[in-house]
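A short write-up of the structure that comes next.
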Amino acid sequence: MATEQRYTLKDLVSPEVAALVVVDVQNDFCHEDGWSAQRGHNMAAAQQAVDRTVSLIDEARRFQVPVLFVRTTHDEWNNSDVWVGRGGRPVVENPSTACVTGTWGAEFYKVQPDSDEYVCTKHRYSAFTGTDLEMTLRTLRRQSVLLIGVTTNACVEFTAREAFMREFHVVLVQDCTAAPTDEEHQATVFNVRRYFGQVADSPDVVARWSGETDS
Amino acid sequence: MATQTSYSLKDVVSNEHAALVVVDVQNDFCHQEGSLGKLVTDRTNLEQAVDHLVHLIEEARRFHVPVVFIQTTHDRFNDSSVWLRARSDRPGGTQAPAVCATGTWGAEFYKVKPRPDERIVNKHRFSAFIGTDLEMTLRTLKRESVLVTGVTTNVCVESTAREAFMREFHVVLVEDCASAWTVEEHQATVHNIGKYFGQVADSQKVVALWSGEA
């Protein structure tokens, strides 16, 4: 990679340098009985994205691309006033929040890390904040992150932006991410493509892993 | 605290502001059969420090000072070439013993016992702030100062103390609750913290301030 003038999608998704980072595919964000659904969000887009996510994870394992699972939890050790009170929300002792530590809502939805795969627990939108994700990516000599999961414009975009700021190439696998509305999703796709990363669909990524596509 | 211009030890250790941070008191570092602990020829200082620390933890609970336990673990997701290189530079070279492998007895706590309602922070480097949610937890608990203790004084305790200061926490080294492989190493840390960025106290003094006796 180092001597090239321009990084193709094939360069960035290569099993030599890439990690697949799966963000917040948890019951509270995806399941029809979860926290988001109970607040009136339509889960259809998220569930379709998860179906493609499950398949992309299988392909990543087949081509030996490390799969890193990120999940959110919230509890008394991280529910700060700033977090709980964001955007003018009331600061209360037991805030209504998604993914309370130890609950069903915090469990993974349809994706299942193998016992030898990495799981990162975070408490903020970005998967780099207060976690060892960067240390793990460096240890595994990863230079690029392929981001998938939910929601596109919150946790996925926070993580994508911070990955870029920490000197990782970013690929947003758009059909494996979802937001409550298409407008929100598309705004992230626009920002990533225009300012700091590449945007691809999962068949494009798999075609490069399998050698069916050369660039 | 906010309106004062100088902070006494009493201000900084107050249960309103302080957290007790217990660094790496684990079998591999401390137990006589631990991978590094077994290399210690004179265990006097180490055992005294741990005894004092066990007592200080009980007092902290009595006076409602949050206790945060730092636990090092190492595995293939964090044993980078940079980290392994640093280990190979230690006595024993590339044969230097592995320390606190994830899930092993060596990584378990030595003599200190976190309660179910206390916080354990898992780290993989010297500083307890690197790749962890320690700062997030301290801010959530509205802590302004950290009382640092544990092993070894000049490696993980000092790295944590320095980074605490860089992240805008007052630092107190509880010197009789920390231990290094040699007295000289321990004293160098005491000097650096006392001279440049924190306060140094012994545990009796801290408890006296908590109890209002001092």
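The values are calculated or read from the model by the stated rules, or taken from the named source; none is laboratory data. Quantities reported herein were computed from a predicted structural model and do not represent experimental measurements. Cβ placement follows ideal geometry from the backbone for every residue including glycine, while neighbour counts extend to all protein chains displayed. The area values use the complete protein model at the heavy-atom level, side chains included, leaving out ligands, DNA and RNA. Shrake-Rupley method; radii C 1.70, N 1.55, O 1.52, S 1.80 Å.
Okay, here's what the table says:
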quantity: Cα gyration tensor, segment A:18-140 - rounded (a/c under 1.5), prolate or oblate; calculated: oblate
quantity: Sequence ranges B:45-57, A:16-28, ranked by mean other-Cβ count within 10 angstrom, highest first; calculated: A:16-28, B:45-57
quantity: Lysine pair number, Cα distance threshold 27 Å (strictly under), segment B:1-145, separation 8 or more or different chains; calculated: 9
quantity: Per-residue ³J(HN,Hα) for segment B:134-139, Karplus 6.51 cos²θ - 1.76 cosθ + 1.60, θ = phi - 60°, Hz, x for Gly and Pro; calculated: 4, 4, 4, 5, 4, 5
quantity: Heavy atoms of B:Ser6 accessible to a 1.4 Å probe, total area in Å² rounded to 10; calculated: 80 Å²
quantity: Cα-centre dipole for the protein assembly as shown with unit charges at Cβ (Lys and Arg positive, Asp and Glu negative), debye to 20; calculated: 560 debye
quantity: Segment A:34-83 and segment A:154-168: distance between their alpha carbon centers, rounded to Å; calculated: 16 Å
quantity: Ranking by accessible area, most exposed first, for A:Trp77, A:Trp35, B:Trp105 with a 1.4 Å probe; calculated: B:Trp105, A:Trp35, A:Trp77
quantity: Rounded to whole Hz, the Karplus (6.51, -1.76, 1.60) HN-Hα couplings of segment A:203-211, x for glycine and proline; calculated: x, 4, 5, 5, 4, 6, 4, 7, x
quantity: Centre separation in Å (Cα based) which lies between segment B:177-196 and segment A:103-126; calculated: 40 Å
quantity: Cβ-placed point charges (K, R +1; D, E -1), dipole of segment B:49-134 about Cα centre in debye, nearest 20; calculated: 140 debye
quantity: Cα gyration tensor shape for segment B:30-149, rounded if a/c is under 1.5, else prolate or oblate; calculated: oblate
quantity: For B:Glu213, solvent-accessible area (1.4 Å; no DNA, RNA or ligand), Å²; calculated: 150 Å²
quantity: Relative packing of A:114-124, B:64-74, which averages over residues the other C-beta atoms within 10 Å, highest first; calculated: B:64-74, A:114-124
quantity: Exercise: per-residue mean of other protein chain Cβ atoms within 10 Å, A:129-136; calculated: 6
quantity: Residue-averaged [θ]222 nm for chain A, counting only DSSP H segments that reach four residues, each worth -39500 (n - 2.57); calculated: -8500 deg cm²/dmol
quantity: Average beta carbon contacts from partner chains per residue of B:73-84, 10 Å cutoff; calculated: 4
quantity: Over chain A: Kirkwood hydrodynamic radius from C-alpha pairwise inverse distances, Å; calculated: 17.5 Å
quantity: Residue-averaged beta-carbon neighbours from other chains (10 angstrom radius) around A:36-46; calculated: 0
quantity: Furthest towards positive pole of dipole, B:Val148, A:Thr72, B:Gly34, structure part the protein assembly as shown, Cβ charges; calculated: B:Val148
quantity: Relative packing of A:92-103, A:194-205, A:176-187, A:143-154, which averages over residues the other C-beta atoms within 10 Å, highest first; calculated: A:143-154, A:176-187, A:194-205, A:92-103
quantity: Crossing angle, helix A:44-62 versus chain A [Cα axis fit, 0-90 degrees, rounded to tens]; calculated: 40 degrees
quantity: Whole-percent carbon and sulfur share, accessible surface of the protein assembly as shown, 1.4 Å; calculated: 49 percent
quantity: A versus B: buried accessible surface, summed, Å² (probe 1.4 Å, to nearest 100); calculated: 1700 Å²
quantity: Positive dipole terminus of chain B, leading residue within B:Val65, B:Ala101, B:Leu209 (C-beta point charges); calculated: B:Ala101
quantity: Shape category assigned to segment A:152-215 from the gyration tensor of Cα positions, a/c cut at 1.5; calculated: oblate
quantity: Debye, to nearest 20: dipole size of segment B:135-214, +1 on Lys, Arg Cβ, -1 on Asp, Glu Cβ; calculated: 320 debye
quantity: For chain B, calculated [θ]222 nm from helices alone, where every DSSP H run of n ≥ 4 adds -39500 (n - 2.57); calculated: -9500 deg cm²/dmol
quantity: Charge tally in the Cβ shell below 15 Å around B:Arg43, where Lys, Arg are +1 and Asp, Glu are -1, B:Arg43 excluded; calculated: -3
quantity: In sequence order, calculated HN-Hα J values of segment A:175-185 (Karplus, 6.51, -1.76, 1.60; Hz; x Gly/Pro); calculated: 7, 10, 10, 7, 9, x, 10, 5, 4, 4, 4
